[in-house]
Amino acid sequence: MIRVGRPAASGCGPRTLGLKRTASKREVKKAYHKLAKLHHPDKVPPDKKALADRKFKRIARAYEVLSDEQ
């Protein structure tokens, strides 16, 4: 089980990855990989790169926060 109770940066957390607060580490990792692949800036058309880049960074930050062992 992951600890979600500590404060995180704005926009980070389980909701960013489409998860419940009680998500397991495995669920967090699976959601991260799915969304990272979907929103990776190199995988979208040129006109959508800026938006994809912002979403990708938010997803990566949420995963970093949720996968932190502390």
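None of the figures in this text is laboratory data; all of them are computed from the coordinates on show. Values in this document were obtained by computation on a predicted structure and should not be read as measured data. Heads up, the Cβs are rebuilt from the backbone with ideal geometry, glycines too, and the neighbour counts pull from every protein chain shown.
Figures for the structure shown
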item: Trypsin sites (Lys or Arg not before Pro) within the stretch 19-70, DSSP loop, no more than 16 other Cβ atoms inside 10 Å; result: 20, 21
item: Set of aspartates and glutamates with alpha-carbon distance to residue 29 below 20 Å, sequence-local pairs under 8 removed; result: 53, 64, 68, 69
